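Remarks on the structure that follows.
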Amino acid sequence: MAVFVTVMTAVSIAMLVRFGHFDRVTAYFSGTPGGLGVMTVLGEQAGGDPRVIPLVHATRVFFVVLAIPLYLLLVEGLDVPRGARAVVEGPTAGPDELVILGACAVVGYFAARTLRLPGAMIIGPMLVSAAAYLSGIVVSPPPSVLISVAQVVMGAGIGVRFAGLEVRRMAWPLLFGVLSAALMLAGAMLLSAIAAPWLGLSRTALLLALAPGGLAEMSMIALALDVDTAFIATMHVIRIMMIVALAPAAFRLIGWDAAGPTVSNGSDAAD
């Protein structure tokens, strides 16, 4: 994960600067596959374009969430379900367990915010609910209807990020958001095909673990496909924590500023 993220980030940034004509600060924080909110704030503080950075990240997540199921269905020939197949068989959580899981969500969220963990909204509830399952307090999965609702909310959450978008002005960063995402996803497909047999892992699980999508989105896809959700979520937590911890330090080490050799950003190119 560490090597893959480092290499693909460097290649993505180089593409955004060289071919997308992004200024170097905007390219750096747009091409780093970390949290949208964190990268936007850090990029704006460093002098990057606060319109382009979140747009590229939202486009990346949207593209990956759309492309992976299509790839698994059309290329890998997997049976991609339309709903939450992982929880349709066997007993599901009753009212008492659902109350406990709801409490886990609330406690986990506020605990993660207090500790300032990245992705607090998903990581905190995930860790606390995992503890509830490991301890045996909860033993059954949630009903499929709740998982389906969560998937709908997640998809809508990605879509609303494009509200108010001026396509004419932002077509250029949209294009390079797609190209950057496609480049990273192609790298994940290649590495998963090579490394999965050597590591003794499912190729689908490793692909979802390496894919440059959001933690919550990749976890939901893993849950729907009944793939190793815990492994995939853990890998994405590692990716996010690594990027949040190291990307700002690496940026300072590089010594870039907004006034570099590349003077136009994505929105300027679009105009």
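The values are calculated or read from the model by the stated rules, or taken from the named source; none is laboratory data. What you are looking at is a predicted structure, and each value in this text was computed from that prediction instead of being measured. When we count neighbours, we look across all protein chains shown, and the Cβ atoms used for this are built from the backbone with ideal geometry, even at glycine.
General remarks:
- Filter pass, Val75 being within 18 Å of Ile221 (Cα to Cα) and under 17 Å from the mean Cα position of the chain (by Cα): no
- Hey, Leu183 part of a helix (DSSP H, G or I) and over 23 Å from Arg18 (Cβ atoms) or not: no
- Highlighted here would be helices (runs of 4 or more DSSP H) found entirely within segment 198-271 that include at least 1 residues which are outside the structural domain of Gly43 (by TED's automatic domain parsing), modelled with pLDDT under 80 and within 21 Å of Gly187 (Cα to Cα), but there are none.
- Checking Asp49 against (1) assigned to a loop (DSSP other than H, G, I, E, B); (2) within 17 Å of Val244 (Cα to Cα), the condition it does not meet: (2)
Yes/no matrix, rows are residues, columns are (1) of a type in the set (A, V, I, L, M, F, W, C); (2) crowded, with 18+ Cβ neighbours inside 10 Å; (3) within 18 Å of Gly187 (Cα to Cα); (4) modelled with pLDDT of 85 or more:
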{"residue": "Ala14", "(1), (2), (3), (4)": "yes, no, yes, yes"}
{"residue": "Val17", "(1), (2), (3), (4)": "yes, yes, no, yes"}
{"residue": "Phe22", "(1), (2), (3), (4)": "yes, yes, no, yes"}
{"residue": "Val25", "(1), (2), (3), (4)": "yes, yes, no, yes"}
{"residue": "Thr59", "(1), (2), (3), (4)": "no, yes, yes, yes"}
{"residue": "Leu74", "(1), (2), (3), (4)": "yes, no, no, no"}
{"residue": "Val87", "(1), (2), (3), (4)": "yes, yes, no, no"}
{"residue": "Ala103", "(1), (2), (3), (4)": "yes, no, no, yes"}
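- Of all the listed residues (Val160, Val153, Val178), the sole one being over 24 Å from Thr234 (Cβ atoms), of a type outside the set (Gly, Ala, Ser) and at pLDDT below 80 is Val160.
- Selection status of Ser140, in contact (Cβ under 8 Å) with a residue 40 or more places away in the chain and either under 21 Å from Met220 (Cβ atoms) or assigned by TED's automatic domain parsing to the domain that holds Arg239 (or both): yes
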